[in-house]
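*Asks:* Here it is, the structure, as structure tokens.
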Amino acid sequence: MSRLGDVEPRVIDDHMLKQAVGEQGPQEEAGQLAKQEGVLFKDVLSLQLDFQKTGSEGMDMKRFCPHSRSTLPTATPDILRIDNLWPFENLRKLQLDNNVIEKIEGLERLTRLVWLDLSFNNIEAIEGLDSLENLEDLSLFNNRISKVDSLDALVRLQVLSLGNNRIANLTNVIYLRRFKDLRTLSLAGNPVAEQDDYKMFVCAYLPDLVYLDFRRIDDHTKELAEAKHQYSLDELKHRENLLQAQQEDEQARREELEEHKAAFVENLNGPFLFESMYAEDVEGSKLACLPGVGELLETYRDKFVIICLNLFECGLKQQEKRKAELDTFSQCVQEAIQENQEQGRQRITKFEETHLLSLSAIRDASELTTLETRLVACRERVAELFNSLMMLEMQLAEQLEETISLFERNIADLVGLFVENVQSLMAQCRDLENHHHEKLLEAAINTLEKTVKGELDEDLPDDVRALFVDKDTLVNAVGASHDVHLLKIDSREDELVTKVHAWCTHLLDQIHRDEIARNRKRVKEISQYADHAQRELDALECAELLD
């Protein structure tokens, strides 16, 4: 929707937003307080930036109070571009209708948005909504949109208004089947709505829809629509089921791969490592054509894969052991913290019961000597509580330090054992490769001798015959293939060992950081509590002396 007026179109900027907060905020005492203290954008739940005229025609001055986190309306010139909305991190409702916006953008940080109105603008494509997973109500009424797409992230979408656009193809309706919560749809005013089968098609392909173009869909219409399009619907449902099964399989494979990565043995449950050895082995591909080498390769492959599978199974078992050790450690830490906190609560409860009686006695004291004696006794009890709580925290810190040290030793032993197993199995892979190399070299030299004598019956490709110019060329080719294989085995071993050691180091560092943060927080809490109690006594002493 394009308008020509006296006001130049603008980008949403910081000045516009601050002006909106200042001018359109609440009046009376709450408004004055908000102006003095300032309103934090993160406290705004609803923001209205639609085009509205000022002056005698006026506007709906909805009030915004920072303490109630309510609506913030504003009178703005035509907005051309969405920008600078990132501080509104808690925004639930955004109204940007009746502007000249051409592109949906700048909404990435508004992840809590539930309601979005972009009607009466110049938008041609649906985009920029990928982060709005909580959006339930979207209005794009009266724009220039011709295709319904790029809404996949809006898994909670319930209301979609696309009336008065340029949508002409009914296949756009099929796209909307993925939104299981969609109950209200508006497409009136689009070319597609003029088609004879429009209503029946929408009702058939969106059976959970309740309102179409602001009218309730009755059950009879749904039954007629389903009967009319039953054959096409059955085919579509079949394709959707196949696609869903495929997606579920892919998701299961991704989850399985992540489990294998967590055990550091991804792609070791099959011939992946073996195949990677030959993927970049140019000479090995040539040598595979030699007589008898095919059988050698098949035997080599089978034995190599068995070793990889042993390594894979070992990795999964060791991962389960590490996980069990970590779970046991976490449980011990939590139990120790909870027990310590319970002891602290008991001591604080006991202190507060006595403290309240002491405060009452101080207020009732009629003589200065009695007042001072009771104040000293109260301060001693505060100091005693402080020391008691700090002693508890010190005991807990020592207990957790011992628990962490024990866990460090246990997890290091598990990692060390796993690394030893890895190195042992990888050594078997190297031994197998060395044995295969010897057999391959023997077969290659035999082929060379037959070639020299003219006894070779097989017809070899030209690039393979080029290796038989002399013995050195052939031996170098076999050696190059061998080097590639050993390099692949060594690289995979180094990668695995490096990753498991890095994981262990990161885990232990994080545990130590968490314990340091917990200890500091607890010490701060104890100090603040004791300081509060002391200030309370100081204030009471001053009041009594003044009296």
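The values are calculated or read from the model by the stated rules, or taken from the named source; none is laboratory data. Note that the structure is a prediction, hence the values are computed from the model and not measured. Because the Cβ atoms are built from the backbone with ideal geometry, glycine has one as well, and the counts that use them run over all protein chains shown. Side chains included, ligands, DNA and RNA excluded: accessible areas come from the protein's heavy atoms. Shrake-Rupley method; radii C 1.70, N 1.55, O 1.52, S 1.80 Å.
*Asks:* Which of the following residues is more than 30 Å from Val464 (Cβ to Cβ), aromatic (Phe, Trp, Tyr) and either open to solvent by less than 80 Å² (accessible area, probe 1.4 Å) or modelled with pLDDT under 95 (or both): Phe214, Phe304?
*Replies:* The unique qualifying residue is Phe214.
*Asks:* Here's another thing I want to ask about it. Can you tell me how many residues in the range 88-129 are in contact with a helix residue (DSSP H, G or I) (Cβ under 7 Å, 6 or more places away or on another chain) and open to solvent by less than 30 Å² (accessible area, probe 1.4 Å)?
*Replies:* Looking only at that region, the number is 2.
*Asks:* Filter the range 131-168 for residues that are in contact (Cβ under 8 Å) with a residue 60 or more places away in the chain and on the phi > 0 side of the Ramachandran plot and give the result.
*Replies:* Asn142
*Asks:* Of these, Asp459, Asp472, Asp463, which one is without any contact (Cβ under 8 Å) to a residue 24 or more places away in the chain and in a helix (DSSP H, G or I)?
*Replies:* None of the others qualify; the one that does is Asp472.
*Asks:* For the range 326-361, what are the residues that are out of contact with any Phe, Trp or Tyr (no Cβ under 7 Å at 6 or more places or on another chain), among the hydrophobic types (A, V, I, L, M, F, W, C) and either loosely packed, with under 12 Cβ neighbours inside 10 Å or touching a residue at least 60 places away in the same chain (Cβ under 8 Å) (or both)?
*Replies:* Selection gives Leu326, Cys332, Val333, Ala336, Ile337, Ile348, Leu356, Leu357, Leu359.
*Asks:* Also, quick follow-up: Residue check: is Ala245 out of contact with any helix residue (DSSP H, G or I) (no Cβ under 9 Å at 6 or more places or on another chain) and either more than 30 Å from Ser119 (Cα to Cα) or not basic (Lys, Arg) (or both)?
*Replies:* Yes: the conditions hold for Ala245.
*Asks:* Continuing with the same structure: Would you check which residues across the range 108-130 are in a loop (DSSP other than H, G, I, E, B), over 14 Å from Leu151 (Cα atoms) and in contact (Cβ under 8 Å) with a residue 24 or more places away in the chain and list them?
*Replies:* Of everything in the range 108-130, those that are in a loop (DSSP other than H, G, I, E, B), over 14 Å from Leu151 (Cα atoms) and in contact (Cβ under 8 Å) with a residue 24 or more places away in the chain turn out to be Arg109, Leu110, Leu118, Ser119, Phe120, Asn121, Asn122.
*Asks:* Scan the range 257-292 for residues that are hydrophobic (A, V, I, L, M, F, W, C), surrounded by fewer than 19 Cβ atoms within 10 Å (Cβ to Cβ) and more than 36 Å from the chain's Cα centre (by Cα) and jot them down.
*Replies:* Val282, Ala288, Cys289
*Asks:* Go over the candidates Val265, Val282 one by one and state the one that is under 21 Å from Ala480 (Cα atoms) and among the β-branched types (Val, Ile, Thr).
*Replies:* Val282
*Asks:* So which of Lys453, Lys499 is among the basic types (Lys, Arg), open to solvent by 80 Å² or more (accessible area, probe 1.4 Å) and farther than 30 Å from Gly416 by Cβ?
*Replies:* Result of the check over Lys453, Lys499: Lys453.
*Asks:* Just the residues that are over 21 Å from Met391 (Cα atoms) and not basic (Lys, Arg), please, taken from the range 316-352.
*Replies:* Leu316, Gln318, Gln319, Glu320, Ala324, Glu325, Leu326, Asp327, Thr328, Phe329, Ser330, Gln331
*Asks:* List pairs: first residue in the range 313-325 and without any contact (Cβ under 8 Å) to a residue 24 or more places away in the chain, second residue open to solvent by 20 Å² or more (accessible area, probe 1.4 Å) anywhere in the structure, Cβ distance under 9 angstrom, at least six positions apart or on different chains.
*Replies:* So the pair list comes out as Glu313/Asn269; Lys323/Ala262.
*Asks:* Follow-up. Working carefully through the options Val419, Val478, Val415, find the one that is open to solvent by less than 70 Å² (accessible area, probe 1.4 Å), in a helix (DSSP H, G or I), under 17 Å from Ala288 (Cβ atoms) and in contact with a helix residue (DSSP H, G or I) (Cβ under 6 Å, 6 or more places away or on another chain).
*Replies:* Val478
*Asks:* Find the residue count for the range 436-466, including only residues that are at pLDDT 80 or above and within 22 Å of Glu298 (Cβ to Cβ).
*Replies:* So the count comes out to 12.
*Asks:* Separate question: Restricting attention to the range 164-184, which residues are within 16 Å of Tyr198 (Cα to Cα) and either surrounded by fewer than 18 Cβ atoms within 10 Å (Cβ to Cβ) or within 28 Å of the chain's Cα centre (by Cα) (or both)?
*Replies:* Selection gives Arg166, Ala168, Asn169, Leu170, Thr171, Ile174, Tyr175, Leu176, Arg177, Thr184.
*Asks:* Here's a check for you: in the range 511-533, which residue that is in contact (Cβ under 8 Å) with a residue 60 or more places away in the chain and among the basic types (Lys, Arg) is farthest from Ile404 (Cα to Cα)?
*Replies:* Filtering first and then ranking leaves Arg522.
*Asks:* Still on this structure: Restricting the first residue to the range 375-402 and requiring it to be in a helix (DSSP H, G or I), which pairs with a second residue that is hydroxyl-bearing (Ser, Thr, Tyr) meet a Cβ separation below 6 Å and a spacing of at least six or different chains?
*Replies:* Every condition considered, the pairs that remain are Cys378/Ser358.
*Asks:* Could you check Arg409 against (1) basic (Lys, Arg); (2) under 30 Å from Leu290 (Cα atoms); (3) without any contact (Cβ under 8 Å) to a residue 12 or more places away in the chain and say which number it fails?
*Replies:* (2)
*Asks:* Also: Which of (1) under 30 Å from Leu110 (Cβ atoms); (2) open to solvent by 80 Å² or more (accessible area, probe 1.4 Å); (3) modelled with pLDDT under 95 is the odd one out, the single condition Ser150 does not satisfy?
*Replies:* (2)
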